[in-house]
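The next block holds one structure in the form of C-alpha cells; read it before the comments.
The values are calculated or read from the model by the stated rules, or taken from the named source; none is laboratory data. Small disclaimer: the values here were computed from a predicted structure and weren't measured. Quick reminder, even Gly has a Cβ in these numbers, built from the backbone with ideal geometry, and neighbours come from all protein chains shown.
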Amino acid sequence: MGRKLQSRERLRPIDLARGHGLSTQAVRNYEEAGILPAADRTPHGHRTYAPLHARALRTFLALVPGHGHRTATSIMRAVNRGETDEAFRLIDESHAQLLDDRRTLRAVEDALRDLASAPDPGPGAATPGSGAVAPGSGGMFVGDLAGRLGIRPATLRKWERAGLLRPRRDPLTGYRVYDGADVRDARMAHQLRRGGYLLEQIAPLIAQVRSAGGLEPLEAALRNWHDRVSARGRAMLAGAAELEAYLHERGRAPATRHDR
C-alpha cells in the first residue's frame, strides 16, 4: 500500500511544468539553481518529483512578482537549505525597499502638490529697482530666486553642479538666469530636500519632470508608479501566503534528499 501511494505521488518534470506554462528544461534549471529541492532518481536515472516540489515551484513563482527573480531565488535557496532566518532577512529587505519607494513617491507627490498650489513668483514679482530680475531676459537672477526659497545663493549653485538646475547665462553680464522651468525645478528640489532626500536621489526625479515636459504630464507617470507600488505590495502578500504553506509542508515532510 505504501508503495502504491508513493507511486501516485511521483511527479515527472512535465507534470510540474504543465500547470505553469513552463518547459521541462526550466523545471530542471530551477532544481539546479536550488529553487526546488533536489529530485529523487529512478533506477534509470530519471528525475522524479513529489508534491513538495510542486509547492516549491508555486512558491517561487508567487515570490517573483513582489521580490524580483534574484531575491526570490535567494529566498528559496535559503529555505531549501533550512536557513529560514536568512530567508526572512531577505524578505525584510524587500519590504524595507518597498517602504522606501512609498516614501519617495509620497515626497514627490507632496512636492508636486505644493508646486501646483503655490503662486508662481514670476520674474515680474521682483523687488522694484533691486536688479534681481535680468532686464528683458524673462528670468530671475540667483539672489532673487534664493531669497524667495529662503536659501543661500550658494545652495542654488550647488544644486546646479549636481544637475538639478540648468540656468543659462546672461550674455552681457555672465550672471546665471533662471527661467520658469528652472524656478519649478528649484522649488521641487527645495521641497524634497526639506523632506530629507539627497541630491543624488532628487536628480532623477527632476529629470523625469523635464522629460515629461512639466508637472502635468508627470502626474500620469506618478499614478502608474503608485499602481506599481501597490501591486508589488499585494504580490508580497500573495508570496508570503505561498511561502508559509511551503514551510508548513516542508515541516511535515520526512527528511530525504529534498533537504540539500
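Some observations on this one:
- Candidate set: the stretch 47-61, residues that are touching a strand residue (DSSP E or B) at 6+ places or on another chain (Cβ under 8 Å) and touching a residue at least 40 places away in the same chain (Cβ under 8 Å); chosen: the one surrounded by the most Cβ atoms within 10 Å (Cβ to Cβ): HIS53
- Looking across the stretch 150-162, just one residue is surrounded by fewer than 17 Cβ atoms within 10 Å (Cβ to Cβ), aliphatic (A, V, I, L, M) and either outside the structural domain of ARG210 (by TED's automatic domain parsing) or assigned to a helix (DSSP H, G or I) (or both), and that is ALA154.
- Condition check for GLY66: touching a Lys or Arg at 6+ places or on another chain (Cβ under 6 Å) and either assigned to a helix (DSSP H, G or I) or surrounded by fewer than 15 Cβ atoms within 10 Å (Cβ to Cβ) (or both): yes
- Only one of the listed residues (ALA116, ALA111, ALA107, ALA96) is surrounded by fewer than 13 Cβ atoms within 10 Å (Cβ to Cβ), modelled with pLDDT under 80 and assigned to a helix (DSSP H, G or I). That residue is ALA116.
- Restricting the stretch 20-45 to residues that are loosely packed, with under 11 Cβ neighbours inside 10 Å and of a type in the set (Gly, Ala, Ser) leaves a set whose member that is farthest from ALA62 (Cα to Cα) is GLY45.
- Single residue of the stretch 212-226 satisfying the filter (under 11 Å from VAL108 (Cβ atoms) and modelled with pLDDT of 75 or more) that is nearest to the chain's Cα centre (by Cα): TRP225
- Yes/no for LEU63 being more than 24 Å from the chain's Cα centre (by Cα) and assigned by TED's automatic domain parsing to the domain that holds GLY233: no
- Cross-chain or 6+ apart pairs with Cβ under 6 Å, the stretch 154-170 first and in contact (Cβ under 8 Å) with a residue 24 or more places away in the chain, then basic (Lys, Arg): PRO167/ARG176
- Residue among TYR178, TYR197, TYR246 that is of a type in the set (Ser, Thr, Tyr) and in contact with a strand residue (DSSP E or B) (Cβ under 6 Å, 6 or more places away or on another chain): TYR178
- Top-ranked residue in the stretch 1-50 [being outside any helix (DSSP H, G or I) and charged (D, E, K, R); ranked as modelled with the lowest pLDDT]: GLU9
- Residue count for the stretch 163-189 under the criterion of being surrounded by fewer than 18 Cβ atoms within 10 Å (Cβ to Cβ) and within 13 Å of LEU145 (Cβ to Cβ): the result is 4.
- ALA238 meets all of the listed conditions (1) modelled with pLDDT under 85; (2) among the hydrophobic types (A, V, I, L, M, F, W, C); (3) not assigned by TED's automatic domain parsing to the domain that holds ARG113 but one, namely (1).
- The residues of the stretch 190-202 that are crowded, with 16+ Cβ neighbours inside 10 Å and assigned to a helix (DSSP H, G or I), listed by number, are HIS190, GLN191, LEU192, ARG193, LEU199, ILE202.
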